[in-house]
Amino acid sequence: MNTTLNRNFHTHTYRCKHASGDVADYCQAALENGLSVLGMSDHTALPDHRWSNVRMEMEELPSYCSAIDQARVDFPELTIIKGMECEYADEYTSFYQDTLLGELQFDYLVGAAHYIPVGNSWKSSFGGIESAADLRTYANYMIQSIESGLFAFMSHPDLFGNSYLSWDQEAIAASQDIFEAASALKVPLEINGLGMRRGKVDTPQGKRNPYPWLPFWEMAADYGIEVVVNSDAHRPEDIVGNMKEAAAIAEKFGLAFADLPLLTKN
Ligand SMILES: [Zn+2]
Ligand SMILES: [Zn+2]
């Protein structure tokens, strides 16, 4: 089997409040769908409870870790990688580094820009990246996340395509800056299957998926970007959702699949 399609590193659990199933349900589905590596990467708990409506609570950290430990016993055929999907912020660095990667022995963290920092608060990237200024903020935040060195890869870097509708000079410039940072620091970027399950957005150029945004990935090839293909499953039945289509995008543009060091763990 294609070694890219037998592994998925982006999977959630019920704890984030907008997904269903627990680790064991995803493991079962992973085996039924021929995966040999399953990365769990639920939306991280945060010490200050920011955005707690879409992520696990700090109190749930032990149960998330023990569900993964138990699954490693119950599903020995599967390599289970312990991760979290995280937003970068300076004040979370020690929690990510010392608590998650250190004390709790997480294998990897995924960086994500579900929000962008605007003034003293945060704005959702879903529906919120409409102006050139928002897009510039998004790109700078992505670059800051990449430069933090905390993340094994960045999930859906083209998420801005959900609300920034035209592939114009601003979109090209923002994407170039993201690619330059990712390429310099060798941080892989994710072609995300969930974007193909969300329903199309209406743009001046017609309907398209909010992400993956094809011109973004076409340009990524010019920068030697390495990619990771994931389903971003929020339901066990989506365990390999749209991964084939995501891999086809990489193949179409000649993008190399990243060989994440964490793949050799266990
Ligand atoms: Zn989610
Ligand atoms: Zn996710």
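The values are calculated or read from the model by the stated rules, or taken from the named source; none is laboratory data. All figures in this text were calculated on a predicted structure; none of them were measured in a lab. We place every Cβ from the backbone using ideal geometry, glycine too, and count neighbours over all the protein chains shown.
If you go through the range 101-147 and keep only what is assigned to a helix (DSSP H, G or I) and within 16 Å of ligand 2 (Cβ to nearest atom), you end up with Met142, Ser145. May I ask you to verify whether Ala112 is surrounded by 14 or more Cβ atoms within 10 Å (Cβ to Cβ) and out of contact with any strand residue (DSSP E or B) (no Cβ under 7 Å at 6 or more places or on another chain)? In short, no. Checked against (1) in contact with a helix residue (DSSP H, G or I) (Cβ under 6 Å, 6 or more places away or on another chain); (2) more than 16 Å from ligand 2 (Cβ to nearest atom), Glu180 passes all but condition (1). Would you point out the residue of the range 220-250, among those that are of a type in the set (Asp, Glu) and within 20 Å of Arg197 (Cα to Cα), that is nearest to ligand 1 (Cβ to nearest atom)? Ranking the candidates gives Asp232 first.
Residues are listed down the side, and each one gets a yes or a no for (1) away from ligand 2 (no atom under 14 Å from the Cβ); (2) modelled with pLDDT of 95 or more; (3) touching a His at 6+ places or on another chain (Cβ under 8 Å):
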{"residue": "Asn2", "(1), (2), (3)": "yes, no, no"}
{"residue": "His10", "(1), (2), (3)": "no, yes, no"}
{"residue": "Cys16", "(1), (2), (3)": "no, yes, yes"}
{"residue": "Ala19", "(1), (2), (3)": "no, yes, yes"}
{"residue": "Asp25", "(1), (2), (3)": "yes, yes, no"}
{"residue": "Leu35", "(1), (2), (3)": "yes, yes, no"}
{"residue": "Asp42", "(1), (2), (3)": "no, yes, yes"}
{"residue": "Leu46", "(1), (2), (3)": "yes, yes, no"}
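Among residues of the range 161-183 being part of a helix (DSSP H, G or I) and hydroxyl-bearing (Ser, Thr, Tyr), the one that is farthest from Gly224 (Cα to Cα) is Ser175. Within the option set Ala133, Ala89, being away from ligand 1 (no atom under 16 Å from the Cβ), without any contact (Cβ under 8 Å) to a residue 60 or more places away in the chain and surrounded by 14 or more Cβ atoms within 10 Å (Cβ to Cβ) holds for one residue only, Ala89.
In the range 63-84, is there at least one residue being within 16 Å of ligand 1 (Cβ to nearest atom), touching a residue at least 24 places away in the same chain (Cβ under 8 Å) and in contact with a Gly (Cβ under 8 Å, 6 or more places away or on another chain)? Yes, the range 63-84 contains at least one residue that is within 16 Å of ligand 1 (Cβ to nearest atom), touching a residue at least 24 places away in the same chain (Cβ under 8 Å) and in contact with a Gly (Cβ under 8 Å, 6 or more places away or on another chain). A Cβ distance below 6 Å, combined with a sequence gap of six or more or placement on separate chains, defines the contacts here; from the range 8-19, residues that are within 15 Å of Cys86 (Cα to Cα) reach residues that are near ligand 1 (Cβ under 6 Å from one of its atoms) in the pairs His12/His234; Cys16/His43.
Applying a threshold of 8 Å to beta carbon distances and a minimum spacing of six or more residues, or different chains, the list of pairs starting in the range 100-112 at a residue that is of a type in the set (Asp, Glu) and ending at one that is buried (at least 21 other Cβ atoms within 10 Å of the Cβ) and not in a helix (DSSP H, G or I) reads Asp107/Gly39; Asp107/Ile81; Asp107/Lys82; Asp107/Gly83. One residue is enough: does the range 52-74 have a residue meeting the conditions assigned to a loop (DSSP other than H, G, I, E, B), at pLDDT below 95, out of contact with any Ser or Thr (no Cβ under 7 Å at 6 or more places or on another chain) and away from ligand 2 (no atom under 16 Å from the Cβ)? No, the range 52-74 contains no residue that is assigned to a loop (DSSP other than H, G, I, E, B), at pLDDT below 95, out of contact with any Ser or Thr (no Cβ under 7 Å at 6 or more places or on another chain) and away from ligand 2 (no atom under 16 Å from the Cβ).
One residue alone among Ala247, Ala233 is more than 16 Å from ligand 2 (Cβ to nearest atom) and under 21 Å from His10 (Cβ atoms), and that residue is Ala247.
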